[in-house]
Amino acid sequence: MLNRRHLRIKALQNIFAWHMTDKRDVTSAKKALMESIDNVYEMYIWMLSLLVEVTEYTDIDASERAGKHLPTVEDLNPNLKLLNNKFAVVLKKNPDFIAAVNKYKINWMSDPEFVKAIFNSLKASPEYLAYLADENNSLEESKSIIKFVFRKVILKSHNIIQAFEDKFINWSVDKEVMQGMVAKSIKNFTSEDPFVNKLTPISQDWEEDSKFVEDLFIYTLKNDKEYQVYIADRTKNWESERIALMDTILMKMAICELLNFPSIPVKVTINEYLDLSKDYSTPKSNSFINGILDKIMGDLKRNNSIKKIGRGLIEE
């Protein structure tokens, strides 16, 4: 699931894109932001669908083997245990999963070589042979081979990773979230009733989190000039072109949180943006941003501009 750090990253990416284009329309930019978040959920559904397709390829493989010119006894009597994998069966009957597959128009079999390659890699593994030999076909046991397919076959496949990278521009950033969502789904599917199990939501509390990321994005853009003044007042000894755009955006987002989000402690805000600077800006950005934000925070406190709800939310 997406947490607040992930949502800050989404806002950061889209604010950066905003500054890199001449066509600046807040409504369109906000739509792009929310689509970038929805892409994480779409990626998650594509991966779940791929797991189902791999189990169903068992039937295609069996037909191909039976159709050989000289099929063996094993070819004519294949083990179809994976085809009836309980996790996959329950998942593909889940109404939320069906709706999501239809929404995103997911169809792995438009290029069946992807699924075939994964199945062939799986078929050659000792783990798969052990799975076929085990007569236990409980839901919990069925999930063990699904986890193996996901972690050790799909995520190790260069072709599949390339396919996801081609489809999702933020794959490198979002893949860990997607992996966590898939793992959580496998763990939480505990009933053989497809109507009981729930897919992993995009966040713990999307109503609250969507408002957070939208407000952070919109307020940062709408107050861009005001926040620039705060920064300019504390960087008079710096030539503006020497300050990285990413550093400026990170500081503006931090100022936005300090001024507009009364329930988020000051320390949390500062630490979050210092942490993001390590991953998204220059090696020296962390100390630079820390120093400038410390001065700006002092200015805001003296002006009594920071309003926080609850004790301990403003550091003395």
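The values are calculated or read from the model by the stated rules, or taken from the named source; none is laboratory data. This one's a predicted model, so the numbers in the text were calculated from it and none came from an experiment. For neighbour counting, all protein chains shown are included, and Cβ atoms are generated from backbone atoms with ideal geometry for every residue, glycine included. Calculation scope for accessible area: heavy atoms of the full protein, side chains included, ligands and nucleic acids excluded. Shrake-Rupley method; radii C 1.70, N 1.55, O 1.52, S 1.80 Å.
Taking the criterion of being part of a helix (DSSP H, G or I) and either exposed (fewer than 13 other Cβ atoms within 10 Å of the Cβ) or touching a residue at least 60 places away in the same chain (Cβ under 8 Å) (or both), the residues of the range 283-299 that qualify are 287, 291, 292, 294, 295, 296, 298, 299. Entry remark, the range 170-196: residues being at pLDDT below 95 and among the aliphatic types (A, V, I, L, M) number 1 in total.
For the range 20-37, a residue qualifies if it is open to solvent by 60 Å² or more (accessible area, probe 1.4 Å) and within 22 Å of residue 273 (Cα to Cα), and the qualifying residues are 20, 30. Please go through the range 232-282 and give me each residue that is of a type in the set (S, T, N, Q) and either more than 24 Å from residue 13 (Cβ to Cβ) or outside any helix (DSSP H, G or I) (or both), ordered by number. If the condition is that a residue be of a type in the set (S, T, N, Q) and either more than 24 Å from residue 13 (Cβ to Cβ) or outside any helix (DSSP H, G or I) (or both), then 235, 237, 263, 281, 282 are the ones that fit. Would you check if there is a residue in the range 98-119 being more than 20 Å from residue 40 (Cα to Cα), not in a helix (DSSP H, G or I) and not basic (Lys, Arg)? Yes, the range 98-119 contains at least one residue that is more than 20 Å from residue 40 (Cα to Cα), not in a helix (DSSP H, G or I) and not basic (Lys, Arg).
Within the range 183-196, one or more residues are within 18 Å of the chain's Cα centre (by Cα) and hydrophobic (A, V, I, L, M, F, W, C). For the subset of the range 10-19 comprising residues that are buried (at least 20 other Cβ atoms within 10 Å of the Cβ) and not aromatic (Phe, Trp, Tyr), which member is nearest to residue 224 (Cα to Cα)? For the range 10-19, the residue satisfying everything is 15. If I filter the range 38-56 for residues that are in a helix (DSSP H, G or I) and loosely packed, with under 15 Cβ neighbours inside 10 Å, do I get at least one hit? Yes, because at least one residue in the range 38-56 is in a helix (DSSP H, G or I) and loosely packed, with under 15 Cβ neighbours inside 10 Å.
Residues in the range 212-243 that are farther than 20 Å from residue 25 by Cα, open to solvent by 30 Å² or more (accessible area, probe 1.4 Å), in contact with a helix residue (DSSP H, G or I) (Cβ under 8 Å, 6 or more places away or on another chain) and not polar (S, T, N, Q): 230, 232, 233, 234. For the range 66-88, a residue qualifies if it is free of Cβ contacts under 8 Å to residues at least 12 places away in the same chain and either open to solvent by less than 80 Å² (accessible area, probe 1.4 Å) or assigned to a helix (DSSP H, G or I) (or both), and the qualifying residues are 67, 71, 72, 73, 74, 75, 76. Checked against (1) in a helix (DSSP H, G or I); (2) in contact with a Ser or Thr (Cβ under 6 Å, 6 or more places away or on another chain), residue 143 meets all criteria but (2). Residues in the range 142-196 that are open to solvent by 70 Å² or more (accessible area, probe 1.4 Å), closer than 30 Å to residue 17 by Cβ and of a type in the set (Val, Ile, Thr): 169 only. Residues that are of a type outside the set (S, T, N, Q), open to solvent by 20 Å² or more (accessible area, probe 1.4 Å) and either in contact with a His (Cβ under 8 Å, 6 or more places away or on another chain) or in contact (Cβ under 8 Å) with a residue 24 or more places away in the chain (or both) within the range 113-139 comprise 114, 116, 117, 123, 127, 132, listed in sequence order. Restricting the first member to the range 262-277 and to residues that are under 11 Å from residue 308 (Cβ atoms), and the second to residues that are among the hydroxyl-bearing types (Ser, Thr, Tyr) and open to solvent by 20 Å² or more (accessible area, probe 1.4 Å), no beta-carbon pair is closer than 6 Å while six or more apart or on different chains.
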